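Data block below; observations after.
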């Protein structure tokens, strides 16, 4: 899960046309996060309290080690017998992430291609924020007036057959 991994290298003609600012300009800094050893019951309560659909999973050094969605947590809790299992058994440990200087349009392309709605922002291996599909959509609408007006942006989800 290094920041230099290929999945973080998002480029292409559409990304180059837009030249939007970096995700750091719209990211959420106060990220709901949880320790991988905490129980899923605690994680679900944190998501409900924060009105969040997912949590970043970070170790004691604030390094991103995974993401946990509400649906993952609920499914694991439904199968649990006895004490709630720890977050680390249900989280996604292979996480797409970007650096703060990644452009908004490059992040949008990555999110569309991978079918993700929350993208962690990592600097020097540490979680510094997240950007959501809603935040990106809001930025596009504020800049262009509508999604259809975005040059080179194809908002249709690609199928695996493409």
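Along its principal axes, what span do the Cα atoms of segment 88-134 show, with the longest given first and each in whole Å?
33, 25, 16
Restricting to Cα pairs below 8 Å that are 6+ residues apart, what does the relative contact order work out to for segment 28-95? Please round to a whole percent. Can you show the working numbers first?
Details: 106 pairs, mean separation 24.3, N = 68.
Result for segment 28-95 is 36 percent.
Grab the Cα-Cα distance for residue 101 and residue 41, subtract it from 0.36 nm times how many residues apart they are, and report the gain in nm with one decimal.
On the way: separation 60, 0.36 × 60 = 21.60 nm, distance 3.50 nm.
Between residue 101 and residue 41, full extension yields an extra 18.1 nm.
Work the Kirkwood hydrodynamic radius out for segment 6-149: mean of 1/r over every pair of different alpha-carbon atoms, inverted, in Å.
Numbers: mean 1/r = 0.0629 Å⁻¹.
Result for segment 6-149 stands at 15.9 Å.
Multiply the residue gap between residue 62 and residue 133 by 0.36 nm, knock off their C-alpha separation, and tell me the result in nm, one decimal place. Can you show the working numbers first?
Details: separation 71, 0.36 × 71 = 25.56 nm, distance 2.33 nm.
In short, 23.2 nm is gained.
Contour minus end-to-end for residue 49 and residue 79, with contour as 0.36 nm per residue of separation and end-to-end as the Cα-Cα distance? Each step should come with its number before you reach the end.
Numbers: separation 30, 0.36 × 30 = 10.80 nm, distance 2.30 nm.
So the chain would gain 8.5 nm between residue 49 and residue 79.
What's the exposure ranking of 134, 24, 117, going from fewest to most Cβ atoms within 10 Å? Provide the component values of the computation, followed by the final result.
Working: 134 10, 24 18, 117 13.
Ascending Cβ contact count within 10 Å gives the list 134, 117, 24.
Got the relative contact order for segment 6-149 handy, in percent, Cα pairs under 8 Å and 6 or more residues apart? Don't skip to the end; give the middle numbers.
Numbers: 226 pairs, mean separation 41.7, N = 144.
Taking the mean separation of contacting Cα pairs over the length of segment 6-149, I get 29 percent.
To make sure I understand, if each residue's beta carbon is the centre and we count other beta carbons within 10 Å, what order do 116, 136, 48 fall in, fewest to most? Walk me through the intermediate numbers first.
On the way: 116 18, 136 21, 48 10.
Least crowded to most crowded, the residues run 48, 116, 136.
Rank the residues 29, 109 as a footprinting-exposure proxy: fewest other Cβ atoms within 10 Å of their Cβ go first.
Details: 29 9, 109 19.
Ascending Cβ contact count within 10 Å gives the list 29, 109.
Laboratory data are not the source of any read-out in this text; all were calculated from the coordinates shown. Just so you know, these numbers come straight off a predicted model, no measurement behind them. All Cβ positions, glycine included, derive from the backbone under ideal geometry; neighbour counts span all protein chains shown.
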